[in-house]
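What follows draws every value from the coordinates through simple rules; no lab data is involved. Computed from a predicted model, the values in this text were never measured in an experiment. Here the Cβ positions follow ideal geometry from the backbone for every residue, glycine too, while neighbour counts run over all protein chains shown.
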Amino acid sequence: MIVHRENRKTNGSLDLALPDGDLRLFPAIDFAPTGKDMLSRLQASIPWRQESITLFGRTHAQPRLICWMGDAGCTYRYSGRTWHPEPWDSLVADLRSQVEGLTGERFNSALLNLYRNGSDSMGFHADDEPELGKTPVIASLSFGAERVMHFRHRHDHSLPTRKIALPDGSLLVMRGETQANWRHAIPKTRRPVGPRINLTFRRIMI
Ligand SMILES: O=C(O)CCC(=O)C(=O)O
């Protein structure tokens, strides 16, 4: 069950009332230059990579394709790996400007994820690496198949998992203490779903 305890703002965004966190959803943004074929354009133009990660001594292929993109020097360390950025793709750079306009924030990097089908996923984690600062702002833009993001509180296990549907053209903005207090994930789904691309814009402290 997906519940948006909403509080719509004049810019069309919804405050999702996450306890100990700050989550705002823009449900449907009309992106310029083209909203509708964004998925296929990004699928074609991004240098997608199938990466492996080593966790608890075992190496696995990540269940999605990824690309780390950003300004020169925006090196990012997570899952035991160090990622050096690809230069900005022109469409992603254009989307970044639009997201900066909507959020009033500046971003110098983005993790791009391509979920090929419902078997692709992302496990529970927080975007809390030291290079993102204490209260990172993460702006997460989705194109293609709708997937559901799950949020679990890191300390208060009596709180239920919060489930947020992320439709095509939506932007989810996480701020404040969200990463300190919550983990999030995109679980696999048995529903037949097509590809989805998610771009999480971030600011690395360099
Ligand atoms: O695909 C998504 O919506 C989530 C991506 C994510 O959690 C991340 O890049 O850290």
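In this structure, the amide hydrogen of GLU177, modeled 1.01 Å from its nitrogen in the peptide plane, lies closer than 5 angstrom to those of ASP22, counting only residues at least 5 positions away or on a different chain. Across the alpha-carbon atoms of the chain, the computed radius of gyration and Dmax are 16.1, 49 angstrom. The slack between ALA44 and GLN98, meaning 0.36 nm per residue of separation minus the straight C-alpha distance, is 17.4 nm.
Over all other residues within a Cβ to Cβ distance under 12 Å of TRP88, the charged ones net out to -3, with Lys and Arg as +1 and Asp and Glu as -1. Residue-wise HN-Hα couplings along the range 190-195, as the Karplus relation 6.51 cos²θ - 1.76 cosθ + 1.60 with θ = phi - 60° gives them from phi, are 7, 4, x, 10, x, x Hz; Gly and Pro carry x. Taking the square roots of 5 times each eigenvalue of the Cα gyration tensor of the range 43-156, largest first, gives ellipsoid semi-axes of 22, 18, 17 Å. Remark: the range 103-206 carries a charge dipole of roughly 320 debye about the Cα centre, counting +1 on each Lys and Arg Cβ and -1 on each Asp and Glu Cβ. With the simple spin-label model, which puts each label point 7 Å out from Cα in the Cβ direction, the ILE53 to THR135 separation comes to 2.7 nm. Between the alpha-carbon centres of the range 154-206 and the range 22-66 there is a gap of 13 Å. Using a Gaussian network model of the chain in which every pair of alpha carbons under 10 angstrom is joined by a spring, one finds that among ARG106, ARG77, ARG190 the greatest mean-square fluctuation is at ARG190.
Summing Lys, Arg as +1 and Asp, Glu as -1, what charge do residues with Cβ under 12 Å from the Cβ of THR189 carry, THR189 excluded? Don't jump to the answer; show the numbers that get you there.
Details: positive: ARG147, LYS163, LYS188, ARG190, ARG191, ARG196; negative: ASP120, GLU146.
Every neighbour counted, the sum reads +4.
Computed over the range 119-206, relative contact order equals 47 percent, with contacts defined as Cα pairs under 8 Å that lie 6+ residues apart.
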